[in-house]
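First the structure, in the form of structure tokens, and then the observations on it.
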Amino acid sequence: MNQDHRVELVRARLPPYEHPPPWVPPQQREFHPDYNNDIREFLPRELIQQRMRASEQLGFNIRGGQEHHCGIFVSKVMVNSEADKLGLREGDQILMVNNRDFENIDHAEAVKVLKMNTRIVMTVRFFPYGYDRTYDKCKFLASNQQAER
């Protein structure tokens with residue numbers, strides 16, 4: 001009984017290696033610009049944005065969504081907009097809008113919910129790590145396209 005056991009190798013392109021951030025000694029952490037241990041910055045907070053008409057601009061852009069395997073994140077805040085004045089910032093994850101869960105929502109549906117309301121009660125949290133992950137797929141696809149050429 002001679003069975004031919006062949007193992008097929010699977011080849012895959014992996015995203016480039018990311019080096020961990022540099023280590024910051026404990027005695028230097030309090031004033032180091034790349035180190036923040038104030039947990040309050042990352043806690044969920046509620047923002048209430050009021051617009052006169054639903055056609056009025058929101059003052060911010062979003063990216064992500066369930067189809068991208070991530071949450072909805074603020075990708076840009078227009079300077080001096082109502083959103084800017086309320087403290088919304090790039091890297092904020094939108095967790096809820098008007099009691100609607102935004103953690104598992106498609107991008108198009110998130111845009112629809114945001115644009116159709118004149119009063120927007122948002123629960124957001126600053127989550128730069130998750131926001132950076134929304135760019136990983138784009139980086140990975142771009143590196144694969146360059147490698148294929």
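Some observations on this one:
- Binned Cα-Cα distance frequencies in the range 25-84 - 10 Å width, integer %: 16, 30, 33, 17, 3, 0
- Residue separation of GLU18 and ARG40 scaled by 0.36 nm, minus their Cα-Cα distance, works out to 5.2 nm of gained length.
- Whole-percent carbon and sulfur share, accessible surface of the range 33-120, 1.4 Å: 48
- In degrees, nearest ten, helix 107-116 long axis to first principal axis of the chain (Cα): 0
- Summed over qualifying helices (DSSP H, 4 residues or more, each -39500 (n - 2.57)) and divided by its residue number, the chain shows a 222 nm mean residue ellipticity of -6500 deg cm²/dmol.
- For the range 85-101, backbone phi angles converted through the Karplus equation (6.51, -1.76, 1.60; θ = phi - 60°) give residue-by-residue couplings of 5, 7, x, 5, 9, 4, x, 6, 9, 8, 8, 7, 9, 6, 6, 9, 5 Hz, Gly and Pro being listed as x.
- The convex hull of the Cα atoms of the range 94-136, projected and averaged over all directions, covers 3.3 nm².
- The range 73-139 - accessible surface per residue (Å², probe 1.4 Å): 55
- Between 0 and 90 degrees, the angle of helix 136-148 with respect to the longest Cα principal axis of the chain falls at about 40 degrees.
- In the chain, the ratio of gyration radius to Kirkwood radius, Rg to Rh, stands at 1.14 when only Cα atoms are counted.
- Between TRP23, GLN49, HIS69, the Cα set farthest toward the positive side of the dipole of the chain (charges on each charged residue's Cβ, about the Cα centre) is that of GLN49.
The values are calculated or read from the model by the stated rules, or taken from the named source; none is laboratory data. Quantities reported herein were computed from a predicted structural model and do not represent experimental measurements. Using ideal geometry, Cβ is built from the backbone for each residue, glycine included, and neighbour counts are taken over all protein chains shown. To get the accessible areas, we keep the full protein, side chains included, count just its heavy atoms, and leave off ligands, DNA and RNA. Shrake-Rupley method; radii C 1.70, N 1.55, O 1.52, S 1.80 Å.
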